[in-house]
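Let me begin by presenting the structure, written as structure tokens, before commenting on it.
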Amino acid sequence: MNNSASNTLRLLGAGLRALLVLTVLCGVLYPLAITGIAQAAFNHKANGSEIKDATGKVVGSSLIGQSYEDDLRWFQSRPAAGLAKNTLNTQYDLLVSGATNKAADSPDLLKAVEETKAKVLLDNTVPGYTPRLSDIPADAVTSSGSGLDPNISPAYADLQIHRVAEKNGLPVATVAKLVADHTEGRTLGFMGEPRVNVLELNTALRAIAQK
């Protein structure tokens, strides 16, 4: 009986010591080390990829899209159809994220795409510039898989240049250069597609327009 109790106490002590050591290593030292490395080497990403305006105020994250559909002075993001109309994701709401899951031949999807095409053409027709139907890229009329895509294609950004310049009283060349400066190539030169981050672009546009 004594031997049994002694062995039990010994095993219990070893288990507690192991728990204490692993708690310190895995629950304290490891998280602190990873946090320190992230802050030192990837500070911007570790803090949420924040985007700040000219005053230093955080206006959002480069990883999460925002809606500008109520103000045509700004470059527009992709449609945020999300999980379908009348759900929380219609305005880039972070409470819900997802795609419509509609088939390519869905009558509802086809109707939405045609309506969006007409709106894109109307919104971007300004004195001296009338876009063609063939100028409209797919991302201008379809939502992303998450419904929160922060990027648009360079083609969609180019389509909006004349309208943005006209609404802000800026030269077209100035806005075109702004788009070119904020166009990113493929990741590592071969992954993904060229893209333009809408929030970063509009933040830079706001700084120029305010001057």
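The table below gives the values:
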quantity: In segment 121-153, residue modelled with the highest pLDDT [restricted to those that are among the acidic types (Asp, Glu) and closer than 24 Å to residue 106 by Cβ]; calculated: 139
quantity: Single residue of 158, 105, 135 found to be acidic (Asp, Glu) and in contact (Cβ under 8 Å) with a residue 24 or more places away in the chain; calculated: 135
quantity: Residue match in segment 33-42 (condition: at pLDDT 85 or above, surrounded by 11 or more Cβ atoms within 10 Å (Cβ to Cβ) and in a loop (DSSP other than H, G, I, E, B)); calculated: yes
quantity: Odd one out for residue 180 among (1) touching a Pro at 6+ places or on another chain (Cβ under 9 Å); (2) of a type outside the set (Lys, Arg); (3) within 27 Å of residue 112 (Cβ to Cβ); (4) exposed (fewer than 14 other Cβ atoms within 10 Å of the Cβ); calculated: (3)
quantity: Some residue of segment 66-80 being modelled with pLDDT under 80, among the aromatic types (Phe, Trp, Tyr) and not in a strand (DSSP E or B); calculated: no
quantity: Selected residue (only one of 113, 141, 126, 120 is touching a residue at least 60 places away in the same chain (Cβ under 8 Å) and aliphatic (A, V, I, L, M)); calculated: 141
quantity: Hits in segment 43-66 - residues which are small (Gly, Ala, Ser), surrounded by 10 or more Cβ atoms within 10 Å (Cβ to Cβ), free of Cβ contacts under 8 Å to residues at least 24 places away in the same chain and within 26 Å of residue 208 (Cα to Cα); calculated: 48, 49
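The values are calculated or read from the model by the stated rules, or taken from the named source; none is laboratory data. Predicted model only: the values in this text are computed from it and were never measured. FYI the Cβ positions are ideal-geometry reconstructions off the backbone, even for glycines, and counts take in every protein chain you see.
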